[in-house]
Amino acid sequence: MEYRVLRIDEQLYGCEELEEGQPVCCAVLLEDADGGRRVIAYPDKELTALDIQEGDRVALTDHKLHKL
């Protein structure tokens, strides 16, 4: 399904530290063509590698984002 990235926020971990080997994730707010919205957690490193930023169009298949 195709979405537009409305917002990307780094998740706050507070006093808790991530377990060793766990990626730092971002909360990604997505909006579909009908205006439906959903938030997914996605690794920050992968967002950077894919150059996904707010305003971009993306596809979500098998729990993976792909920039369009």
Margin query: Can you tell me the length gained on complete extension of the stretch Arg37 to Glu10, counting 0.36 nm per residue apart and subtracting the Cα distance?
Written below: 7.9 nm
Next item on the list: Can you tell me the alpha carbon radius of gyration of the chain divided by the globular rule-of-thumb value 2.2 N^0.38 Å?
Entry: 1.14
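FYI, it's all coordinate maths here, none of it is from the lab. Not measured: the values here are computed from a predicted model.
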